[in-house]
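A quick write-up on the structure given underneath.
The values are calculated or read from the model by the stated rules, or taken from the named source; none is laboratory data. Owing to the predicted nature of the structure, the values given are computational and were not obtained by experimental measurement. Neighbour counts are summed over all protein chains in view; Cβ atoms, including those assigned to glycine, are modelled from backbone coordinates with ideal geometry. Areas reflect the complete protein model, heavy atoms only, side chains present, ligands, DNA and RNA absent. Shrake-Rupley method; radii C 1.70, N 1.55, O 1.52, S 1.80 Å.
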Amino acid sequence: QARADLALQSLAWAAPLLDKTGASRFDGSLAAQVKGSGSLAAPQFSGTISGERFRLALPEQGLDLRDGRFQAELSQDTLVLKSLSLRGGDGSLTGQGRLGLREGQPDLQLALKADKLQVVSRPDRLLLLSGDGTVALLARKLQLRARLKADRGLVELAREDAPSPSEDVVVLGREDRAAAKGIPYAVDMDLDLDLGERFFLKGRGIDAQLGGAVKLTGRQGLPLRGNGGIRVVKGTYAAYGQRLDIERGQLNFQGPLDNPGLNIVAMRKNQEVAAGVAITGSAQAPVVKLVSNPTLPDSEKLSWLVLGHGMADTGSREFDALQLAAGALL
């Protein structure tokens, strides 16, 4: 027979064990009362484990979960998680589950619920989520299932002309992420994501409100796939020195996530001839063409799009601007 009482006021010392790069912050307190009986070959355990003031932060990624606490009970070879709660911004994450051993392998079942949980908060990114999901780990296979809706979201695209080091630059002391070890489990993921009514995309000339829903699926060894559609509810696109109204903006996912189908029309209006661009095809093979109302030759469309008048009134300097715009389109 044995009895153990444990009290740790701070777990900050464990942060380097969880993240050798030092980019994360981890802390909290832990208390446990455990009893053991039986034999060495077949021990029987019981007791309680609790934690408070847990915090997990990844400043570079904008993640900061705090005020974490949990209550768990130990019965034989199973740890039953009675309650779990974390705060992210003004929202919360709660959960229940259990962790046991089956044939020497961990058997995890966890149910989670998010309520306006602030997952990311950076100057260029913001994401608040609500919804529920499950996490299961059995026989070295990790299963993730979730249905989530964005309460609020913002993505600001970085400027294309911002400087960045070339691929052959080596930063001393920085671990090679490509050489980092992957997850030692087969991952099976199904995620239903609804962008909600307050999701915005800005940068590189785009200022738009997005909507729609996408189902993301991931299988071990295969690229992430998407099924669904994202649309522009309203927005503008700055191009050729003009601000174009996005009349139609649709990204259709039916396969690899990095190659959605495109159906986009952006127009310059409030003039005698409305002119703009239409983009179809896919993200990896887009097809761009000029459009106008009423229909005109492409040279006239381009002139109305860039200059706001027809070719007949085009001067030599304006003609140079048209050549640059035509080159960008081609």
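Of A57, A7, A41, which residue is surrounded by fewer than 11 Cβ atoms within 10 Å (Cβ to Cβ), small (G, A, S) and in a strand (DSSP E or B)?
Values: A57 fails: surrounded by fewer than 11 Cβ atoms within 10 Å (Cβ to Cβ); A41 fails: in a strand (DSSP E or B).
Step by step, each of A57, A7, A41 is checked, and only A7 is surrounded by fewer than 11 Cβ atoms within 10 Å (Cβ to Cβ), small (G, A, S) and in a strand (DSSP E or B).
Going by the conditions given, is L99 open to solvent by 40 Å² or more (accessible area, probe 1.4 Å), in contact with a strand residue (DSSP E or B) (Cβ under 6 Å, 6 or more places away or on another chain) and among the aliphatic types (A, V, I, L, M)? Judged against the criteria, L99 is a match.
Per-residue answers, yes or no, for (1) at positive phi; (2) within 21 Å of the chain's Cα centre (by Cα); (3) at pLDDT 95 or above:
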site	(1), (2), (3)
A31	no, no, yes
S39	no, no, no
R102	no, no, no
Q118	no, yes, yes
T134	no, yes, yes
R140	yes, no, no
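Residues in region 10-21 that are hydrophobic (A, V, I, L, M, F, W, C) and either open to solvent by less than 80 Å² (accessible area, probe 1.4 Å) or touching a residue at least 12 places away in the same chain (Cβ under 8 Å) (or both) were compared, and the one that is nearest to G47 (Cα to Cα) is L11.
Restricting attention to region 274-295, report how many residues are in contact with a Pro (Cβ under 8 Å, 6 or more places away or on another chain) and in a strand (DSSP E or B).
Counting residues in region 274-295 that are in contact with a Pro (Cβ under 8 Å, 6 or more places away or on another chain) and in a strand (DSSP E or B) gives 3.
Restricting the first member to region 106-117 and to residues that are under 26 Å from G89 (Cα atoms), and the second to residues that are β-branched (V, I, T) and open to solvent by 40 Å² or more (accessible area, probe 1.4 Å), the beta-carbon pairs closer than 7 Å and six or more apart or on different chains are L110/T134; A111/T134; K113/T94.
Among the residues of region 214-257, those that are hydrophobic (A, V, I, L, M, F, W, C) and within 22 Å of the chain's Cα centre (by Cα) comprise V214, L216, L222, L224, I230, V232, V233, L251, F253, L257.
Annotation: of all residues in region 285-330 being farther than 19 Å from Q271 by Cβ and of a type in the set (S, T, N, Q), the one that is farthest from the chain's Cα centre (by Cα) is S316. When G241 is tested against (1) of a type in the set (G, A, S); (2) modelled with pLDDT of 90 or more; (3) touching a helix residue (DSSP H, G or I) at 6+ places or on another chain (Cβ under 9 Å), only condition (2) is not met. Take S46 and decide whether it is open to solvent by 50 Å² or more (accessible area, probe 1.4 Å), in contact (Cβ under 8 Å) with a residue 24 or more places away in the chain and part of a strand (DSSP E or B). Here the answer is yes, as S46 does meet what is asked. Has region 22-32 got at least one residue that is closer than 19 Å to L117 by Cβ, in contact (Cβ under 8 Å) with a residue 24 or more places away in the chain, in contact with a helix residue (DSSP H, G or I) (Cβ under 6 Å, 6 or more places away or on another chain) and open to solvent by 40 Å² or more (accessible area, probe 1.4 Å)? Yes, there is a match, as at least one residue in region 22-32 is closer than 19 Å to L117 by Cβ, in contact (Cβ under 8 Å) with a residue 24 or more places away in the chain, in contact with a helix residue (DSSP H, G or I) (Cβ under 6 Å, 6 or more places away or on another chain) and open to solvent by 40 Å² or more (accessible area, probe 1.4 Å). Quickly run through region 146-166 and pick out the residues that are open to solvent by 60 Å² or more (accessible area, probe 1.4 Å) and at pLDDT 95 or above. Correct list: R147, K149, R152. Listed by position, the strands (runs of 3 or more DSSP E) contained in region 199-273 that have at least 1 residues being within 24 Å of R122 (Cα to Cα) and open to solvent by less than 70 Å² (accessible area, probe 1.4 Å) are 199-203, 206-219, 225-239.
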